[in-house]
1. For H128, indicate whether it is surrounded by 17 or more Cβ atoms within 10 Å (Cβ to Cβ) and closer than 30 Å to A52 by Cβ.
2. State whether the residues of region 40-57 include one that is over 17 Å from the mean Cα position of the chain (by Cα) and under 30 Å from H179 (Cα atoms).
3. Here are the criteria: (1) closer than 30 Å to I159 by Cβ; (2) at pLDDT 95 or above; (3) assigned to a helix (DSSP H, G or I). Tell me which single one E35 does not satisfy.
4. Could you look through region 58-81, keep only residues that are farther than 17 Å from H44 by Cβ and hydroxyl-bearing (S, T, Y), and pick out the one that is farthest from the chain's Cα centre (by Cα)?
5. When region 51-76 is examined, which residues are found to be among the charged types (D, E, K, R) and either touching a residue at least 12 places away in the same chain (Cβ under 8 Å) or within 24 Å of A122 (Cβ to Cβ) (or both)?
6. Among the candidates N105, N81, single out the residue that is in contact with a His (Cβ under 8 Å, 6 or more places away or on another chain), surrounded by fewer than 19 Cβ atoms within 10 Å (Cβ to Cβ) and not aliphatic (A, V, I, L, M).
7. Within the set of pairs 6+ apart or on separate chains, which have a first residue in region 190-204 that is under 18 Å from T127 (Cα atoms), a second that is outside any loop (DSSP other than H, G, I, E, B) and of a type in the set (K, R), and C-beta atoms under 7 Å apart?
8. Tell me which residues, restricted to region 146-201, are assigned to a loop (DSSP other than H, G, I, E, B), of a type in the set (S, T, N, Q) and within 19 Å of T103 (Cβ to Cβ).
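The values are calculated or read from the model by the stated rules, or taken from the named source; none is laboratory data. Fair warning: this is a prediction, and the values are worked out from it, not measured in the lab. Cβ coordinates were reconstructed from backbone atoms using ideal geometry, including for glycine residues, and neighbour counts include every protein chain displayed.
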Amino acid sequence: MLDKIIKVEPTDKYFSITWMTGKRCNYDCMYCPSEIHDNVSICHDLETMQTAWHNIYSKTKHLGLKYKIGFTGGEPTVNKNFLPFITWLRSNYKDNIAMLLVTSNGSAGLNYYKRLAGLVEAITFSTHSEYMNEQVFFNKVKTLDKIMVRPVKSFHVNIMNEYWNQDRILLYKKLLDQHNISHSVNELKYSRQTRTFVINKGKQNLDNI
C-alpha cells in the first residue's frame, strides 16, 4: 500500500502571467467571442508594453521568483511592436525571465517565427480552418518543430475541434503523428460564438505536402 500523498509541488516555482496583448486579430473565427477578438482595436505601442511590464515587475520582484509569461490575444503577431518587445524583454531581463511562451494562429511569415523561436521557450500554433492555408501552415509547423527542440524548447499544435472540419482534423492528426509533433485536440464552446455559420473554408491543400 502506498503512503498517502500530502502535497505535490513543481520543482521550480515561477510567477506565472498570461498576457493578452490585445483584441486585434486578423481572423474572425465564428466560435471566438467578441470580448477577446476584433479587427479594429489599436495595437499597443512598444512604450506602452514596456510600461506595463515595468508595473508588473515593480510590484512582484520582491517575491524573488523568475517569470513565466504566456502571450496570447487576439493574435500577438499582428502587432508590429510584439517582436521588438520580446527582444527588449529578453535583453533587459534575461536573469529574471524563466520562460516566454507564445500562442499564435500561425499566420505570420516563417522568418518571423524563426526570429521568435530564438527568443522564446515555447510556441503553440492553433488551427483555424476558416482562414488557414493548410500547406503553408503545416510547412511552418514542420520547420519550427525542428528548430524548437525539446527539452530546452517546445513546439505544439492545438487542433481546434471544429464540427464542420472533422475529416480534415483526421488528416491534421495523421500528419502530426507521422512527424512526431506534439499536438492536442481542443474542444470549443459554441455558446460564445459570434455567428452560427462558417463564412470561409481556407485552402484545403494538405495533400500537397
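1. So H128 fits the description; yes.
2. No - not one qualifying residue is present in region 40-57.
3. (2)
4. Applying the filter and picking the extreme gives S58.
5. K61, K66, K68, E75
6. Exactly one of N105, N81 is in contact with a His (Cβ under 8 Å, 6 or more places away or on another chain), surrounded by fewer than 19 Cβ atoms within 10 Å (Cβ to Cβ) and not aliphatic (A, V, I, L, M), namely N81.
7. As it stands, the answer is Q204/R168, since those pairs meet every condition given.
8. Taking region 146-201 and keeping what is assigned to a loop (DSSP other than H, G, I, E, B), we get 148-153, 161-162, 179-182, 187-189, 193-201.
Adding the requirement that they be of a type in the set (S, T, N, Q) leaves 161, 180, 182, 193-194, 196, 200.
Matches in region 146-201: N161, S182.
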